[in-house]
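Engineer: The structure is given below, and queries will be raised subsequently.
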Amino acid sequence: MSLAADSIEIVRANDPDVASAIDAEVTRQHSTLEMIASENFASKAVMQAAGTVFTNKYAEGYPGRRYYHGCDPSDAVETLARDRAKELFGADHANVQPHSGTTANQEVYFASIKTGDTILSMSLAHGGHLSHGHKVNAVGSFYNIANYGVTQDTELIDYDDVAAKAREHNPAMIVAGGSAYPSLIDFAKFREIADEVGALLLVDMAHFAGLVAGKAIPSPVPYADFTSTTTHKTLRGPRSGLVLCKEQYAKALDKSVFPGMQGGPLMHIIAAKAVAFGEALKPSFQDYAKQVIANAKALGDALVSRGLRLVSGGTETHLVLVDLTNYGVTGKAAADTLEHAGITVNMNMIPFDTRKAVETSGIRIGTPALTSRGMKEAEMTTIANWIADVLSDIENQELITKTRKQVEELTANYPLRADEA
Ligand code: DSN
């Protein structure tokens, strides 16, 4: 055991109930295969920075312009985080205060468009995200939402549809990016369409920010007016958000984040973000990012060799979206059964899914977390075969128990962070 286990003794002494939940989570993370595409393992340095006295400090405002006194250390750490984020992504301006990816997106809209304006974004059912506008999300209440999607034959973004919808709806903002899209996005094409209709372009790179930082895939930053992200997925930092933008939007963005949508920034999390951005600037992060993609490809190839179909035919990123139709199981049944076998994935709708979101025809499987544990292509092939075995016989309790044991044997050889073993 490592990570939280060596730092919760004070919690245990003061609050055994909470310590016991933390112990259970440590055991779960160590002994299972974490394949939720949006999860990862932060370093000890990131977690320790997040657990510091900065949690005690109010620092409303920005470095050098605070509404509270005693902010010199807060200014120092926020400046480090901002400068590192700008260097990492080659951005004009960075705001490191957003609490999450969803708030980051809301803050971009609030900074740049008016209530009632139209946002054109990828449909949630085709791999978009709630915060890109949906009737069950606040964004859908404040703005008029139009959606583009993928083509039925390729399951890739239909750029003709994006252009047609842009001409039809005249959006103030076009959003590119999603949470279950396994292919690369043509940011230059999005820029061209946005320019044609006079719209702003927001790229939400939450899922693939670490791959951009690690130079494993092309960056959206030169093309987008705003680029938003979470910091805890492929980027491997603390659970939080970040917005980058062109210099001309810097003032409006900062005003939108504070005082527009947030109060006191979480200085302990900003300290942890500064550590994470520092880690991502190291050359070893580029090896990590490339391995994440190599692992996703190996996992996908092995699943295909077992008769499973991958949406869009494969992956160029950190995730595969698996159509389970050939196996005759729903995404919900598959994810439930795999969890019993020690493999954690999401149920996920596939494009043109005939099942609802609570059941789905697919599962989303990602490699960022297992790559942090040091697993490579060979382990991905082994795991893909375990997944296929379990899914081809989901009522077989003996097989589920056997797989759970194999998962425990495999994970025992891999610390959560291979670089900190
Ligand atoms: N971050 C999203 C994901 O799991 O992809 C959920 O909001």
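Engineer: Can you run down the residue pairs with Cβ atoms below 8 Å, 6 or more apart or on separate chains, where the first is in the range 147-169 and closer than 15 Å to residue 182 by Cα and the partner is among the acidic types (Asp, Glu) and part of a helix (DSSP H, G or I)?
Structural biologist: From residues that are closer than 15 Å to residue 182 by Cα, the pairs are 149/161; 151/161.
Engineer: Let me ask another. Looking only at the range 74-94, decide whether some residue is away from the ligand (no atom under 16 Å from the Cβ), in contact (Cβ under 8 Å) with a residue 40 or more places away in the chain, surrounded by fewer than 19 Cβ atoms within 10 Å (Cβ to Cβ) and on the phi > 0 side of the Ramachandran plot. Quick ask: steps written out before the conclusion?
Structural biologist: Keep residues of the range 74-94 that are away from the ligand (no atom under 16 Å from the Cβ), which gives 74-94.
From what's left, in contact (Cβ under 8 Å) with a residue 40 or more places away in the chain: 74, 77-78, 80-81, 84-94.
Right, trim to surrounded by fewer than 19 Cβ atoms within 10 Å (Cβ to Cβ) and you get 86-87, 90, 92.
Right, trim to on the phi > 0 side of the Ramachandran plot and you get 90.
Within the range 74-94, one or more residues are away from the ligand (no atom under 16 Å from the Cβ), in contact (Cβ under 8 Å) with a residue 40 or more places away in the chain, surrounded by fewer than 19 Cβ atoms within 10 Å (Cβ to Cβ) and on the phi > 0 side of the Ramachandran plot.
Engineer: On to the next question. Let me spell it out: the conditions are (1) surrounded by fewer than 21 Cβ atoms within 10 Å (Cβ to Cβ); (2) modelled with pLDDT of 95 or more; (3) assigned to a helix (DSSP H, G or I), and residue 115 meets all of them except one. Which number is the exception?
Structural biologist: The failed condition is (3).
Engineer: Follow-up question, since we're still on this one. Determine which member of the set 15, 6 is of a type in the set (Asp, Glu), modelled with pLDDT of 95 or more and surrounded by fewer than 14 Cβ atoms within 10 Å (Cβ to Cβ). Quick ask: steps written out before the conclusion?
Structural biologist: Numbers: 6 fails: modelled with pLDDT of 95 or more.
15 is the lone residue from the list that is of a type in the set (Asp, Glu), modelled with pLDDT of 95 or more and surrounded by fewer than 14 Cβ atoms within 10 Å (Cβ to Cβ).
Engineer: Something else about it: Name the helices (runs of 4 or more DSSP H) wholly inside the range 141-216 in which the number of residues that are within 16 Å of the ligand (Cβ to nearest atom) is 1 or more.
Structural biologist: Ranges flagged: 209-213.
Engineer: Okay, moving on. Going residue by residue through the range 28-35, is there one that turns out to be touching a helix residue (DSSP H, G or I) at 6+ places or on another chain (Cβ under 9 Å) and at positive phi?
Structural biologist: Pass one, the range 28-35, residues touching a helix residue (DSSP H, G or I) at 6+ places or on another chain (Cβ under 9 Å): 29-35.
From what is left, the residues that are at positive phi are none.
No, that holds for no residue.
Engineer: What number of residues in the range 21-46 are away from the ligand (no atom under 16 Å from the Cβ) and either in a helix (DSSP H, G or I) or β-branched (Val, Ile, Thr) (or both)?
Structural biologist: Our first condition is that a residue be away from the ligand (no atom under 16 Å from the Cβ); within the range 21-46, this holds for 21-33, 43-46.
Still in the list and also either in a helix (DSSP H, G or I) or β-branched (Val, Ile, Thr) (or both): 21-32, 44-46.
Matching residues across the range 21-46 total 15.
Engineer: What pairs come out if I take residues in the range 356-370 that are farther than 17 Å from residue 300 by Cβ and pair them with residues that are within 12 Å of the ligand (Cβ to nearest atom) whose C-beta lies under 8 Å away, six or more apart or interchain?
Structural biologist: 359/347; 360/347; 360/348
Engineer: Tally the residues that are within 16 Å of the ligand (Cβ to nearest atom) and under 17 Å from the mean Cα position of the chain (by Cα), restricting the search to the range 95-124.
Structural biologist: Final tally of qualifying residues: 11.
Engineer: Looking at the range 352-369, which of the residues that are away from the ligand (no atom under 16 Å from the Cβ) and out of contact with any Ser or Thr (no Cβ under 8 Å at 6 or more places or on another chain) is farthest from residue 33 (Cα to Cα)?
Structural biologist: Looking at the filtered set, the residue picked out is 352.
Engineer: Being among the charged types (D, E, K, R) and touching a residue at least 40 places away in the same chain (Cβ under 8 Å) is the filter here; which residues of the range 191-226 pass it?
Structural biologist: Residues satisfying the conditions are 204, 215, 225.
The values are calculated or read from the model by the stated rules, or taken from the named source; none is laboratory data. From a predicted model like this one, the values you see are computed outputs, not experimental measurements. Note that we place each Cβ from the backbone using ideal geometry, even for glycine, and neighbour counts take in every protein chain shown.
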